[in-house]
Structure formats: structure tokens, C-alpha cells
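The values are calculated or read from the model by the stated rules, or taken from the named source; none is laboratory data. Remember, it's a predicted structure, so these values are computed and weren't measured experimentally. Note: ideal-geometry Cβ built from the backbone for every residue, glycine included; neighbour counts use all protein chains shown. Surface areas here come from the heavy atoms of the whole protein model, side chains and all, with no ligands, DNA or RNA. Shrake-Rupley method; radii C 1.70, N 1.55, O 1.52, S 1.80 Å.
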Amino acid sequence: MRSVATGKLADFCHACSRRRVLGLFSSSSSSSGTVDPKKSYGGGGGENEVPHLPVLIVGAGPVGLILSILLTKLVCRNHHPTLLCELIFRKIDGLAEEIQSLEPPVDLWRRFIYCTSLSGPVLGSVDHMKPQDFDKIVSPISVAHFSQYKLMNLLLQRLEKLGFSVCSPSETEGSIWDRKILMGHECISIHPTNEGLKVGTSYLKEGKMEEREFHCSILVGSDGAKSTVRKLVDIDMKGERNLQTLVSVHFLSKDLGQYLLHERPGMLFFIFNPDAIGVLVAHDLDQGEFVLQIPYYSPQQKIEDFSFKVCEQIILKLVGWKLVDVQVLDIKPWVMHAEVAEKYVSHNNRVILVGDAAHRFPPAGGFGMNTGIQDAHNLAWKISSVLSGIASPSIIQTYEMERRPIAIYNTSLSVENFRAAMSVPAALGLDPAIANSVHRVINSSLCSILPPSLQKFALEGIFSIGRAQLSELILNENNPLGSLRLSRLKKIFDEGKSLQLQFPAEDLGFCYKQGALVAECGEKIRESEASSVHKRDLRPYIPCAKPGCRLPHMLINALKESSAKASFSTLDLIFGDKIEFVLIIAPIKESYRLARASMMVAKEFNVPLKVCIIWPKDSSEKNVNGSEKKLEPWKNFIDVEEAIMPTSKSWWELCQMSSNGVILVRPDEHIAWRTESNSIADDFLELKRVFSLMLGHDKFFL
Ligand SMILES: Cc1cc2nc3c(=O)[nH]c(=O)nc-3n(C[C@H](O)[C@H](O)[C@H](O)COP(=O)(O)OP(=O)(O)OC[C@H]3O[C@@H](n4cnc5c(N)ncnc54)[C@H](O)[C@@H]3O)c2cc1C
């Protein structure tokens, strides 16, 4: 996953057979709510009753699966710390490491290649990786390229390790509902009840549709771009619809894989020739696994026109020689939209949308699933906090406040990036805007009186005249038009104006403006700095410790823990398997004082809090021993020292703060609040303000 965990996960599931799945998340240990009546957020349901689940997740795509893993770890696990885990995937039992060991070597996917056929002339080749993408200075983990369907398999394995079982409808008759993934169940109705929600599902059993009901406190709709949950709770999408219709063809060819592996390795191949155009996504060159995206124009062209045979022929036209081992596995149509749900939360904080159910973008820049996984990360600790009584249910509103602006921003960034991708065919004389206008004219009332076969003939005729401009006769340096087009193309590539892959400022630097955050006393949470700049300009990620930003990464060493001498990231101070806030301080008197007050207030709020004292590099053990005394009677603290490189900044310089700085970090690694410890008049009053605002307990101010 890109921004927060690993890298560009090109989609695959559209090419594989989709399974309608309800994820059932339930935990009996979560029923000790103190903020809400126990019944309304707890688990329950006797043997013969309709089961009442704390959380029901509808849709087991990548986002639903990640959410159930995060929730299971936060709510249900015994609270033993697993030391040194990583960004979201790093926090899921070695998942990031597994992805990195399984992904292809970077040299096989760092390039996008533009050509007239896979064996014909290369029009341009763009390398998207820079040395700093691997230096691990701003993040402990590098971008990765890993197919979505392979990720899904790894996620299902993780869930099985957490005690989940995957069940078919017949296997779930009368069984206990804890930790089940129910295959083949489709959510068909949602009704509020006094204690939560009643959810109707249907499933096929022995050729007959059957129905089953569930009761739950919270329902999360992670059921994808066509979300039924979203429709059932009447939430509209806002944005641009139908940007493009495509056919996705999943196929295997070892021969093609081996050829590209040795001659022309890349991740995406944009192929333009007089016979066909398409974008080939290389999922695994070694295994010869590909997905081809072909634009198509309905209703003149129909999905049935793309039979296995026709798709095979299109593949051969794009490859440029007769491959004998092409094996088409699946053909799926899909429509590109750029829309965000008007609301993410409804039914009194009980129905919540995540992932593609909440936003759907052009797959340009790899933001789709990554944004969805960030949603799940943001939501998991909030749901867990409500279930365990730490936070008020109103904290769920902050999920929408924080995540919706990010989705809106990423939508427009993806649209800009998609338009940039279209600049290449436009420079070649194949302007997609013109193709769309031609299509609109043929769809117009005047042409619609023509028989469909004639409309199709006209459309394909016009398109083939357009594609003829890609012939080698025209597209060469000796032809004035061809030479002009080739030089235009070169300019696009040289100026970085084609489709981009890397967005470090957005991947790591996304920052919440308002939500479960507290502005420093006297300071308002600022407007997003990103909103004023041109989105597609490649901007570096600049670590920042303002409320709403992700905690900066820096290598540190644990002091006094002989078993943990190896350096680890500041991000690893936050464990993925329990709700715990972390207060980071420097070893100075005022900050120790504030830390003691924080511990006391956190206890009053029932919030687990750990203090981390960051010492300058090479601090002597003698000094370090002092923390125990300074924080007495509180024991949950860790002394660490900076493990900085000779040229890098100290922790407080990195955070752009003085060493009086104090930073409060949430369980999702975002900064909730920060201050300078010598600037606070009344520690207790200020900390009560911070915890109550962050957790939605406005009662302290009533
Ligand atoms: C060509 C292409 C390339 C892409 N490349 C990237 C990329 O490089 N990086 C990236 O981050 N993203 C990419 N994406 C986007 C990514 O695939 C999606 O954002 C991602 O799949 C969303 O995950 P999800 O879990 O929200 O939804 P989905 O993956 O759509 O999963 C939803 C699940 O819910 C089930 N379901 C639906 N309705 C119901 C119901 N009523 N009841 C029960 N279950 C139901 C479905 O069967 C499905 O299993 C790409 C998308 C496309 C089309």
C-alpha cells in the first residue's frame, strides 16, 4: 500500500471473479461500554436469538479485510506489546515484510513504457523511482508493487491466524457468530432498532435464495464502488461520472512475460497502433501475468463483443507478434468515476462507509485502495474506543471530518493525473476528448435513429481512421506531422507531464485539518497547505508535527532494554494491537511535569497512555536512569535515544519544535496535540481540555 504502508497495488480484483462477502466482526470482550448503554454497543445474543454483533462489516474486499484485522487486534487481543512493528502493514504481523519479499524486483516495475507495440518502437519510457525512494529517511518502508488479489490472499491468511473462519452459507447454520467471514451473503436491508441496527442478508442455498437477519451496533459498508449499503442508507455520491468505460482482460502468457522481463521491463505499457490501443498492466513478468485495459464505447460496443477470442486477437495486435501461449482468464467491464460520498456516517453514527463505497477515483496514481486502507486505519481505533468505552460515539463523526477532505483531494489529484495520461494519445493525434465527442454525436438523437449495427460501424470506422495516424508511415521523424507529434511527446515526458506514479507529499504528508485533534492553545488548526498548490507538481514529503499530521519517522534506540538494541522507528512507538496514546517529550523538567499530569488525566479518562522520552544521541545511561524517578509513580514509559545519521536533524529539529516540545500521538500515528511544556499555565486544565475534545467528551465543558 502506498502512502502508509507499501506501494502501488495495481488492481486485480476487477479481473477475477468477485465474491459477495459479509465480514462479521464480533467480540464478547468489547461489551464493557461505559459511555453508552452496555447493550447498545456490546455483543450478545443467546443460542436461539438473532445474534447481536458489535460490528458487522459488509464487503470483504481489501478494505473490509484490513478493517477486520485492525479491529480484531485492537479490541480482542491480549494486551502484550509486539515490539517494533511498522506503518499500517508493518503493524499487521510482518505483512509489509512479506509483501516486500514477494514483490518483483523494483527494476522490473519502475518504468512506464509508451510504444506502438510491445515489440515495436518505443515512443518514450519514464522511470518513476529516484534514489531517495529507497533511502528510508522519511519512511521506514519503501513503495511496493503488489497485485491486489495476492494481497487479499495474505489478508485472509492473517484473519485465519486471528481465529477467523471463512464459511459458506451452509456452514453457518446455527453456529456461533464470532469471527466469521460469511461468503455468498449479500446485504439487502438495514433498519434502525432501539439497540442498534437490524441487517437483512440473502444467500443462495441449494439453488434457493434464503434470508438471514443480524443485529449489530455498528455496520461498516466496505462493499465497493456500487455499494448497496450506501444506497440503502440513502447517501449520494458527488463528482464526475462516467469518465471512461473500459474492459479489463486478465490473461497469462509466460512467453510475453519472459520477453518483457529481458527486453523491456516495466509496470505499465501504453500501446498505440493502427489496429488497437490499450494499457497493459504487468502484474508479474516472471509468471507472465497481465491485465489489459481496453477503452470501449457503449451502447454501440457491447461487453459481449469482447469474447475470449476477440480479446486474444486484441492482445496479439498490441504485442506485435504471434504469441502462442495466451490464456485469457477473465473479462470484466468497468466504468471510471470521480466521486465522493456526500456523507460517510449516518444513522446516529452506526452506519459508516469506507473504501470505494465512500469514494471512487480514476486508477491514476494508485490512490484508490490506498485511500480506503487509510480510512480503515483511521476508523479502527475510533470504533474500538467507542466499544471499550474510552470515547463517545460522537468520535465517529471525526472519521468523516478527517477522511472525506482527503478523498476529495485525492479524487481531484487522480483526475488531474488521468488527464495527464490522456495528453500522450492527444499528442499522437488521438485526443480522447475528440473520441468522446464523436461518441456523443453518434449517441445523439440524430444518429440514434440509425440501426445499432450502423452506429457501431460508423463509430468503429471513425476510430480506425483516427488510429491510422499511428502508422509508421506517419509517425516517423521524416514525416513533418509525425516529427511534430514525436517532439510534442518528448516534451511531455521531459517535463514530467505524463501519468505520474509517485506522490510523496500526499502519500506520507496527508494531514487532517479538523477532527479528533486539538489545536494548541491560541492556535487554530491551519488550512491545508496542499490545497493552494498545483496538485500534480511533484512535492517532497516534509515531516511535520502539527496536529493532524502523521508522526515523523526517525530511527531511535531503546535505552536500558538489552533485548531491543537495534534501531527502530518512532512510528513503532505505537503498537498496532492495543489502543494506546503516546506522549513524546524531551528529558527536561517541565516536560516530565507535564507527562506526570498527562498520566493522571489519562487515568481519569480511562485512556492508556505511554510516555516516550527522546534523549539526544549518545546520552549516558547514568542520566537516563533519572526518568523513573521523574515520572514516579507512573511506570508506562520508555527512554530512547536518537540514532541520527551524521547529516540528519535532531528529533526536535525534524519536528520544527524546541526541546520544550511535547507531542501527543493517537493510536493511528497521527498527532492529536502538541505544545511547548513551558507555555502552559494549568497543566491539568489543559490536559482535560485535550482529552475531552479528542475523545468527544464535551461534558467537561458543559
Ligand atoms: C484498473 C484498476 C487499477 C487500480 N489500481 C490501483 C492501484 O494501483 N492502487 C490502489 O491503491 N488502488 C487501485 N485501484 C483501486 C482499487 O482496486 C480499489 O480502490 C479497491 O479494490 C477498493 O477496495 P474496497 O475493499 O473498498 O472495495 P472492493 O475491492 O470493490 O470490495 C468490495 C467487496 O464487497 C462485496 N460486496 C459488494 N456488494 C455487497 C453486498 N451487498 N453485500 C455483501 N458484499 C458485497 C464485493 O463482492 C467485494 O468483495 C485500481 C482500480 C482499477 C479498476
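Values as computed for the structure displayed
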quantity	calculated
Odd one out for GLY200 among (1) of a type outside the set (Val, Ile, Thr); (2) within 11 Å of the ligand (Cβ to nearest atom); (3) within 27 Å of ALA407 (Cα to Cα); (4) surrounded by fewer than 21 Cβ atoms within 10 Å (Cβ to Cβ)	(3)
Matching residues in the range 350-363 - criterion: being assigned to a loop (DSSP other than H, G, I, E, B) and either without any contact (Cβ under 8 Å) to a residue 60 or more places away in the chain or near the ligand (Cβ under 9 Å from one of its atoms) (or both)	VAL354, ALA358, PHE361, PRO362, PRO363
The range 547-565 residues that are aliphatic (A, V, I, L, M), paired with ones that are assigned to a helix (DSSP H, G or I) and at pLDDT below 85 (beta carbon under 9 Å, 6 or more apart)	ALA558/ALA564; LEU559/GLU621; LEU559/VAL624
Matching residues, the range 608-624, being modelled with pLDDT under 95 and either open to solvent by 40 Å² or more (accessible area, probe 1.4 Å) or assigned to a loop (DSSP other than H, G, I, E, B) (or both)	PRO616, LYS617, ASP618, SER619, SER620, GLU621, LYS622, ASN623
Hits in the range 297-322 - residues which are surrounded by fewer than 16 Cβ atoms within 10 Å (Cβ to Cβ) and within 16 Å of the ligand (Cβ to nearest atom)	ILE303
Odd one out for ALA391, checked against (1) of a type in the set (A, V, I, L, M); (2) within 12 Å of the ligand (Cβ to nearest atom); (3) open to solvent by less than 10 Å² (accessible area, probe 1.4 Å)	(2)
Among the residues listed as ARG536, ARG488, the single one being at pLDDT below 70 and either open to solvent by 30 Å² or more (accessible area, probe 1.4 Å) or of a type outside the set (Ser, Thr, Tyr) (or both)	ARG536
Odd one out for ARG674 among (1) of a type outside the set (A, V, I, L, M); (2) part of a loop (DSSP other than H, G, I, E, B); (3) open to solvent by 10 Å² or more (accessible area, probe 1.4 Å); (4) closer than 19 Å to CYS544 by Cα	(2)
Which numbered condition ILE271 fails, given (1) of a type in the set (A, V, I, L, M, F, W, C); (2) buried (at least 19 other Cβ atoms within 10 Å of the Cβ); (3) without any contact (Cβ under 8 Å) to a residue 60 or more places away in the chain	(3)
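Conditions (1) assigned to a loop (DSSP other than H, G, I, E, B); (2) among the charged types (D, E, K, R), marked per residue:
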{"position": "SER139", "(1), (2)": "yes, no"}
{"position": "LEU154", "(1), (2)": "no, no"}
{"position": "ILE190", "(1), (2)": "no, no"}
{"position": "LEU197", "(1), (2)": "no, no"}
{"position": "LEU204", "(1), (2)": "no, no"}
{"position": "GLU211", "(1), (2)": "no, yes"}
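A quick yes/no check of all residues on (1) assigned to a loop (DSSP other than H, G, I, E, B); (2) aromatic (Phe, Trp, Tyr); (3) under 24 Å from the mean Cα position of the chain (by Cα):
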site	(1), (2), (3)
LYS238	no, no, yes
GLY266	yes, no, yes
LEU292	no, no, yes
SER298	yes, no, no
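Okay, residues lined up against (1) among the aliphatic types (A, V, I, L, M); (2) at pLDDT 95 or above:
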residue: GLU210; (1), (2): no, no
residue: VAL229; (1), (2): yes, yes
residue: LYS238; (1), (2): no, yes
residue: VAL249; (1), (2): yes, yes
residue: GLN258; (1), (2): no, yes
residue: GLU263; (1), (2): no, yes
residue: PHE270; (1), (2): no, yes
residue: PHE290; (1), (2): no, yes
